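Notes follow the structure.
The values are calculated or read from the model by the stated rules, or taken from the named source; none is laboratory data. Not measured: the values here are computed from a predicted model. For neighbour counting, all protein chains shown are included, and Cβ atoms are generated from backbone atoms with ideal geometry for every residue, glycine included. Ligands, DNA and RNA are stripped out before the accessible areas are found, and what is left, the full protein with its side chains, is counted by its heavy atoms. Shrake-Rupley method; radii C 1.70, N 1.55, O 1.52, S 1.80 Å.
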Amino acid sequence: MLFADVSVLDENFDVVPHQWVGVCDGRVAYVGAADPRVSGSYAADPRGATASAASQGVGTQAADPHDASAYFGEVIEGAGRLLMPALYNCHAHSPMVLLRGYAENLPLQRWLNEKCFPFEAKMTADDCYWGTLLACAEMARFGVVSFSDMYYNAERSAQAVMESGMKASLGSAPVLLGDTPFAERVEYAQTEEMIRQWHGAGDGRIHVDCALHSEYLTTEPVVRDVTAFAKERGLRLHIHLSETVKEVAECRERHGGLSPVAYFESTGLFEEPVTAAHCVWLDEADMDTLAYRGVFVANNPASNMKLGSGFAPIPRLLEKGAKVCLGSDGMASNNNHNLFHDMYLQAMIYKGATLDPTAVTPQQALQAATRTGALSQGREDCGLVKEGMRADLCLLDVAGPSWCPATDMTYNLVYAGSGSDVVMTLCDGQVVYRDGAFPTIDQERAKAECAARTQRILGEL
C-alpha cells in the first residue's frame, strides 16, 4: 500500500505535509518527500529495504513508474488525510464491554463490590470471547491496534484478538489472595498454558503478561512468587497502583506505613518491566521510584474522573522523566474505547488542574498514546511512522470543518481531532478497519452476542 502526498505525524510528533509512505510485508518500507515510483527514489526490492534508494546509491525503479502495483498493491491518495501511528491502549479489561452502562455513579469500592464482581461472577469464557471481539472492533474503529488487558479467561480473549488481526498483551487471574505459593495454584498452570499456546503467536501479535490486580487483592508472598515467575519466563507485569485515597491509606496500615509504590518496591516487583495503571495518589518519593525504575504509568483520565478517584500527577511525572502512556480502562468506568478522547483529556485537564496552560503538550499526549504505549508492551519496533517499523497506522480524514484552518495540524490533531475521523486502521500492514467496514470481524454478530449475553446475566442477577 502506498499513501501518496499525505500529511504524516513524524517521529518528533510534528505533522509534516506532502509525504509518501509505502507499506510492504507488514512494515513501513518508505517515508519521504518524493514519490517512490519516480526513478531513483526507491530500492529495487522494497520488501528487503528499509531505506530509500537515494541513500544507498540505487537508481532502480519499477518497470512502469506510474504503476505502484509492482511494489505497493494499492495507492491511497492523501489529499485531506493525515497518517499517524496507530494508538496503543495500555490498560483495558476488554470483556467488560458487557458491563457498559451498568455500574454507574458509584465510587470505586462500591462499584467493584456491589456491581462489577457480582456481574463478573456470572460471566463465562464465551462471554469473555464475545466481549473482547466487540472491544477489538470498537478499538480498531478509533485507530487502536493493540491493548494491554487484565481479565479472566485470557485464552478466549487471545482467540478473539487473533481472529481480529489486532495485537494484545494479555494477563489473566489477577486476584491472588491467601498465602498459597503461586506454583501450587491453578492460576500457575493456567498461565503456563497461556504461555505455551499464545505467547508470541501471530508473529508476536500476542504477548502474555503476568497480571496482579493490586496490593489489596494480592498478598506479599504471591507478589514475590509472581515477580520471580515473570523474571524466569521473561514476561512483563501489569498492575493497578495507587488508584484511590482509600487504597493508599489501607496499604499504609497493612504494611507499616508503606505506600503501594513503596510496598511493591520492597517486594522487588519494579525490578522487572511493569505497566502500572492509574497512579493517582502518589507522593514525591513514589514518583521518584517510578521514574527511577522505568515503570510505565498508564494514565486513565476518563476512568479516574468518572469513578471520582482523582487526577494522576502527570505533569510532575513527566518532569521527573517517568514513562507515561494512556489507557481507557474497562467499559464500566469509561463507556468507550475512543482513545482519542482520553488523549484529549490527557492534554487538557492538567492545564486547568495546575493553572498552567503548558502542563502537558500535545506532543507529550501523542507520544503517550503511540510510541510510549508500544514500548510499555515491549513492542520496540512499533509506534512510529518510520522506515523499518511495523506498519501499525491509522489514517484520518482531516478535510472536515473542525480541522480548518490548520494553523498547526499537530494541535488540531489533539484538540480538534476525534476517533470518528479515523477512516483506516492497519495492524502490521493489514487493514482491520476501513470506511465503516471490519474485514476481520462480524461486527453485527458481535454486537448481538454481547447484548444478549448482558441481558442473560442481568436476568440471573
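Rg and Dmax over the alpha-carbon atoms of region 220-313 stand at 13.0, 38 Å.
If you stretched the chain out fully between residue 442 and residue 271, how much longer would it get, using 0.36 nm times the residue separation minus the C-alpha to C-alpha distance?
The span from residue 442 to residue 271 would gain 57.4 nm if fully extended.
When the square roots of the Cα gyration tensor eigenvalues are ordered a ≥ b ≥ c, the ratio a/c for region 97-231 is 1.5 or more and a/b does not exceed b/c, which makes its shape oblate.
Here's how it looks for residue 433: its modeled amide H is under 5 Å from those of 425, which are all 5 or more places away or on a different chain. Averaging 1/r over each pair of different alpha-carbon atoms in region 396-461 and inverting the result gives 14.8 Å, the Kirkwood hydrodynamic radius. Each residue of region 138-150 was assigned a 3J(HN,Hα) from its phi angle through the Karplus expression (A = 6.51, B = -1.76, C = 1.60, θ = phi - 60°), giving 5, 5, 4, 4, 9, x, 8, 10, 8, 8, 9, 10, 10 Hz with x at Gly and Pro. The stretch between residue 420 and residue 14 holds 144.1 nm of extra length on full extension. This uses 0.36 nm per residue minus the Cα-Cα distance. Here the Karplus relation 6.51 cos²θ - 1.76 cosθ + 1.60, evaluated at θ = phi - 60°, turns the backbone of region 87-97 into coupling constants of 9, 10, 8, 8, 7, 8, 9, 4, x, 6, 3 Hz, with x for every Gly and Pro.
Label region 332-378 by shape, choosing from rounded, prolate and oblate, from the square roots a ≥ b ≥ c of the eigenvalues of the Cα gyration tensor; if a/c is under 1.5 it is rounded, and otherwise prolate applies when a/b is larger than b/c, oblate when it is not. Cα axes put region 332-378 in the oblate bin. 3J(HN,Hα) along region 158-170, derived from phi through the Karplus expression 6.51 cos²θ - 1.76 cosθ + 1.60 where θ = phi - 60°, amounts to 4, 4, 5, 5, 4, 5, 6, x, 9, 10, 7, 10, 10 Hz, with x in place of Gly and Pro.
By the Cβ distance rule (another cysteine Cβ under 4.7 Å), the unpaired cysteines of the chain are 24, 116, 128, 136, 210, 251, 279, 382, 394, 404, 427, 450. Summing Lys and Arg as +1 and Asp and Glu as -1 over all other residues whose Cβ lies under 11 Å from the Cβ of residue 6 gives a net charge of -1.
If R0 is taken as 35 Å, the Cβ-Cβ distance between residue 316 and residue 109 corresponds to a FRET efficiency of 0.85. Peptide packing: for 406-415, 81-90, 300-309, the average count of neighbouring Cβ atoms within 10 Å per residue gives the ranking 81-90, 300-309, 406-415, highest mean first.
Taken along its three principal axes, the alpha carbon spread of the chain comes to 70, 47, 43 Å, from the longest extent down to the shortest. Evaluated with a Cβ-only charge set (Lys, Arg +1; Asp, Glu -1), region 152-215 carries a dipole of roughly 260 debye about its Cα centre, given to the nearest 20. Residues whose amide H lies under 5 Å from that of residue 324, counting only those 5 or more places away or on a different chain, are 297; hydrogens are built 1.01 Å from N in the peptide plane. Stretching residue 232 away from residue 434 to a fully extended chain increases their span by 68.6 nm, per 0.36 nm per residue minus the current alpha-carbon distance. Report, to the nearest whole %, how much of the accessible area of region 93-222 belongs to carbon and sulfur atoms, 1.4 Å probe, protein only. Carbon and sulfur together cover 51 percent of it. Label positions at residue 217 and residue 305, each projected 7 Å from the Cα along the C-beta direction, are separated by 2.5 nm.
Summing Cβ point charges (Lys, Arg +1; Asp, Glu -1) relative to the Cα centre of the chain gives a dipole of roughly 380 debye. Taking every DSSP helix (H) stretch of at least 4 residues in the chain, weighting each as -39,500 (n - 2.57) and dividing the sum by the residue count yields a mean residue ellipticity at 222 nm of -10000 deg cm²/dmol.
With all protein chains in place and a 1.4 Å probe, the accessible surface of region 238-380 carries 55 percent carbon and sulfur. Under a 5 Å amide H cut-off, with hydrogens placed 1.01 Å from N, residue 277 pairs with 239, 240, 241, 298 among residues at least 5 apart or on other chains.
Of the peptides 202-213, 131-142, the order by per-residue mean of other Cβ atoms within 10 Å, starting with the highest, comes out as 131-142, 202-213. Per residue, the chain exposes 37 Å² of accessible surface when a 1.4 Å probe is rolled over the protein heavy atoms with every protein chain present. Relative to the longest principal axis of the Cα atoms of the chain, helix 220-233 runs at roughly 30 degrees. Starting from a Cα-only point model with no solvent, please compute log10 I(q)/I(0) by Debye for region 302-461 at q = 0.08, 0.10, 0.19 1/Å. The Debye formula, applied to the Cα set alone, gives -0.30, -0.47, -1.38. Note on residue 201 and residue 355: with the Förster distance fixed at 51 Å, the Cβ-Cβ geometry gives a FRET efficiency of about 0.60.
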